[in-house]
1. Considering each residue of segment 470-492, count those that are over 18 Å from the mean Cα position of the chain (by Cα) and at pLDDT 80 or above, and give that number.
2. In this structure, is LEU94 surrounded by 15 or more Cβ atoms within 10 Å (Cβ to Cβ), closer than 27 Å to GLY139 by Cα and touching a Leu at 6+ places or on another chain (Cβ under 7 Å)?
3. Do you know which residues across segment 420-450 are under 25 Å from the mean Cα position of the chain (by Cα) and surrounded by 19 or more Cβ atoms within 10 Å (Cβ to Cβ)?
4. Let me spell it out: the conditions are (1) under 27 Å from the mean Cα position of the chain (by Cα); (2) farther than 30 Å from ALA127 by Cβ, and ALA619 meets all of them except one. Which number is the exception?
5. Can you name every residue in segment 91-112 that is β-branched (Val, Ile, Thr) and free of Cβ contacts under 8 Å to residues at least 40 places away in the same chain?
6. Please go through segment 500-519 and pick out each residue that is open to solvent by less than 10 Å² (accessible area, probe 1.4 Å) and modelled with pLDDT of 80 or more.
7. So which helices (runs of 4 or more DSSP H) are wholly in segment 344-405 and hold at least 1 residues that are modelled with pLDDT of 85 or more and open to solvent by 50 Å² or more (accessible area, probe 1.4 Å)?
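The values are calculated or read from the model by the stated rules, or taken from the named source; none is laboratory data. Bear in mind the structure is a predicted one, so any value in this text is a computation, not a measurement. Note that we place each Cβ from the backbone using ideal geometry, even for glycine, and neighbour counts take in every protein chain shown. Remember, those area values only see protein heavy atoms, side chains included, never the ligands or the DNA or RNA. Shrake-Rupley method; radii C 1.70, N 1.55, O 1.52, S 1.80 Å.
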Amino acid sequence: MEGYKIRHWLTPLLALLMLLPGLARAGEPTLEAPALVLKGIPFEVTVTGTEPLWLVQEDNRQPVSLENGAAIIELVTEADRLALSLQDEAGTVLAEATSPAIAAWLSVVPALLAIVLALAFRQVILALFVAICCGGWLGYGLAGDKLLSSVLDSVNVHVLAAASDAEHMSVVLFCLLIGGMVGIISRNGGTVGIARHITRFVRGRRSAQTTTGLLGTAIFFDDYANALIVGNTMRNITDRLRISREKLAYLVDSTAAPVSAILLVTTWIGFQVGLIDEALGLVDGFDGSAYGVFMASISYSFYPILALLFVFMISLSGRDFGPMLKAERRAVRRQREADDELTDREAIAEEASIDAKPGIPHRALNAIVPMTVLVLTTLGGIWYTGMSELGFPAEAGLRDVFGSSDSFTAMMWGSLLSTLVALVMTRIQGLLSMDEAAHYWFEGVKSMLLPITILMMAWALSSVNETLNTSDYLVSVLSDSLQPELIPVSVFVLSAFTAFATGSSWGVMGIMMPLVVPLAWAVLQHHGLAGDPDAMHLFYASVAAVLAGAVWGDHCSPLAETTLLAAMASGCGLVEHVRTQLPYALFVGVIATLFGVVPVAYGMPWWLGIIICTLAMAAGLRLLGKRADAEEGEPEATVNIDAVKTSS
């Protein structure tokens, strides 16, 4: 009994002794600093502990004011290496933190290097790899002994981190499953069948391009799903009508993000409204709702609106200019000259294409039904996940539902069910054996591996840019000393360049919106214009400029996700897509800025700005544009329906 009593007291005593070191450590002060800092750019450090504490940076010693045992302190350094220490009242060092420091302008070097190398050598993976290694070395403060480490970290740190992100893997699975579905419906004759039906209405190059634009506008709910569905649906048809893959990629890309960004119920809207709502929490004196601010800003979203209009101008006029005109002329000549040799890139794409199985009926329903399941399941999944998040309220509106939805989960549901439906329909009709279906599903998956590799590396570079605080530097360049009328155009330029350099439109919105909303309101307050109905258009135009700049950068950057997906779904090389689309995006962006953003900021009605910009685009296209088929002195090419019917 006595032994039992000893054990009874000894057990909790031993447990307490084991916990004491941890309890002691829990009460120790801590000091956390960024892994890398930029010279002259503010950064934050986190301090925890109990007062009194002093933070020492070089010769500067300042007291730390703690709230609930923690404090976030903003600092700036010009030294080559940041050295901080946390001390008590007697000067005893309690914690230390060191970080390398680099010149602020170096933070944009990896992104610019990736873009320059990709455009110069047309080797995107190599360009991204070099940029990631460069960014990793900058993250080590350009230390000579870390050069090899930065190369090794390119995969086992940066790419691995990108692959570990749940949302990234959702996009990867979505792409792989859609690729597998496309492989099945291509082999079972579904894509040839749908091509036959569409060609009953599509008689020539203009109508095919217009149909692509309309289809891209109709699938408005998500830009990823838009790019993959429209590109894969129209590729076979545009090929037969001698429309270049570059033109198809442009039509897909220039409808995907703009339409998702400005329509009232899309996966983008919830993200944007959430950012606006968070930013409005930092504003004093504004009593409007986040969704109301978004609705008011749509009228000032000049670039997304004009990009959509320009798609239909190009399609209906049949005119092109710049590298796109050359690509269209090559497409026309290639169909007329049967002995033309394919380039290495075209030969690889041709080898990877999946033809319909000979001797089976080509039924359009075998493609239409799985694609319809994809669209409806994705929409239904967005509704269901949104309602689940809200608790299934009876009075919930579509705006709230889409704003609370999980689009990544919904897309995976849609791609999985559409693949299963395609497989079941194929087996029920006896079009392919199970082995054949599995084989061509995997062939479709394989077609996605190269673009997914590029996508993963682009995400890795985006992570490197975040480590380098690239966005902080870019924001600091234009965020000071702004006049009220110059806020929208300055925000547009900064957002556009940041999106171009980082390749992330959503990332730019996430970074810029919390900064721009308080900044625009503060500038208006400084000039006595806050709340003035005659000046509120500057506030709404500034919010719209973040979105418009992000979409413009998304269209121009070879690192952007939608750009990659549009090129992939259209069967176009990424660099070729960027080279041909960039002049169009610049053309529309310059007109939107000169005739829309700037004049409207100075008081011109937004609707008049849209009209003037539209007329300017039409005049510019008339002056610069030429028809690719007219160059040969022949009428517009029309589809050969017999060729479609007999093709395998």
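1. 8
2. Numbers: surrounded by 15 or more Cβ atoms within 10 Å (Cβ to Cβ): yes; closer than 27 Å to GLY139 by Cα: yes; touching a Leu at 6+ places or on another chain (Cβ under 7 Å): yes.
Criteria met by LEU94.
3. Going residue by residue through segment 420-450, those that are under 25 Å from the mean Cα position of the chain (by Cα) are 444-450.
Result: GLY444, VAL445, SER447, MET448.
4. (1)
5. At the first step, the residues of segment 91-112 found to be β-branched (Val, Ile, Thr) are 92-93, 98, 102, 108-109.
Residues satisfying the conditions are THR92, VAL93, VAL109.
6. none
7. Working: elements: 344-352, 365-390, 398-403.
The helices (runs of 4 or more DSSP H) meeting that bar are 365-390.
Let's see how each residue does on (1) of a type in the set (Ser, Thr, Tyr); (2) at pLDDT below 90; (3) over 28 Å from the mean Cα position of the chain (by Cα):
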| position | (1), (2), (3) |
| --- | --- |
| GLY553 | no, yes, no |
| ALA560 | no, yes, no |
| ALA566 | no, yes, no |
| ALA585 | no, no, no |
| GLU636 | no, yes, yes |
| ILE641 | no, yes, yes |
